[in-house]
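Since the structure comes first, as C-alpha cells, the remarks are kept for the end.
The values are calculated or read from the model by the stated rules, or taken from the named source; none is laboratory data. Owing to the predicted nature of the structure, the values given are computational and were not obtained by experimental measurement. Using ideal geometry, Cβ is built from the backbone for each residue, glycine included, and neighbour counts are taken over all protein chains shown.
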Amino acid sequence: MIIAPATPDDLAVLLAFRKEAAAWVGALGIDQWSRPYPADRLLATIEAGTVFMVRDGEATAATITLTPDAEEGLWTDAELSEPSLFVNKLTVARTHAGRNIGGRLLDWAGDRAYRASAQWLRLDAWTTNEPLQRYYRKQGFEHVRTVREGTAVNGGPRVSGWLAQRPTRPANHGFTDETSEPWPVPVDG
C-alpha cells in the first residue's frame, strides 16, 4: 500500500469516506459525523497539503489529516508551546477494515511527527464515542482530559473534545511513503 498526499481530485472520495463512516458509527448508536462536512473546508485542507491517502492498487483504503494546527480552544497555551502534530479525520474504508490500517497510519503519523522534530502526536476524538477512545488507548495514546460544552479553553461548544497524546517515535509502518519530507514543526508561545 502507498501513502501519498491527497489532491483536489480526491475530494469526492473523502466526502464519501466521511458519509460511509457516519453511517457505520450511526448504526452503532454514535452520532459522530452526523452533520455533513463542508466540501470547501475539506478542499482547503487538501490544498494545504495536510491530507494523505492510502492507496491499495486502484482502491483508496484510508485517509488521515496530519497538521501542525490544533483545533481551537482544546489545548492550553502550555501544551501548544510543546512541538506537536495533530491527527484529524482518520478514516478507513469499510472494505479495508480489520487490517490494522488505522494503527499503521497512526504509526506513520508518529514517525512523520518525529522526523519533523515534534514531541507529541495529539488528537481529539468525539466525546461520546467510547469505542473510538478505547481504540486510541490501545494504540498507545494517553487521555489528557475531556473538554465539554462551554469548557473549551476559549469557550464555545465542543462535541469532539476527548484529548489524547502519545510521544512521537520512529516506526516501521509498512507503507510505501510517497510524501515529501515533513517541515519542522513550529512552536507556539
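Quick notes on this one:
- Selection count where residues are in contact (Cβ under 8 Å) with a residue 40 or more places away in the chain and in contact with a strand residue (DSSP E or B) (Cβ under 8 Å, 6 or more places away or on another chain), scope segment 90-105: 6
- Near pairs, Cβ below 9 angstrom, 6+ apart or cross-chain, from segment 9-21 (farther than 15 Å from residue 88 by Cβ) to any residue that is basic (Lys, Arg) and part of a helix (DSSP H, G or I): 20/94
- In segment 108-134, the residues that are acidic (Asp, Glu) and either part of a loop (DSSP other than H, G, I, E, B) or under 12 Å from the mean Cα position of the chain (by Cα) (or both): 124
- Candidate set from segment 112-145 (those that are under 10 Å from residue 164 (Cβ atoms) and of a type in the set (Gly, Ala, Ser)); member that is surrounded by the most Cβ atoms within 10 Å (Cβ to Cβ): 125
- Every listed requirement among (1) of a type in the set (Gly, Ala, Ser); (2) assigned to a loop (DSSP other than H, G, I, E, B); (3) modelled with pLDDT of 90 or more is met by residue 34 save one, (3).
- Selection of segment 80-121 for residues being polar (S, T, N, Q) and in contact with a Lys or Arg (Cβ under 7 Å, 6 or more places away or on another chain) yields 84, 91.
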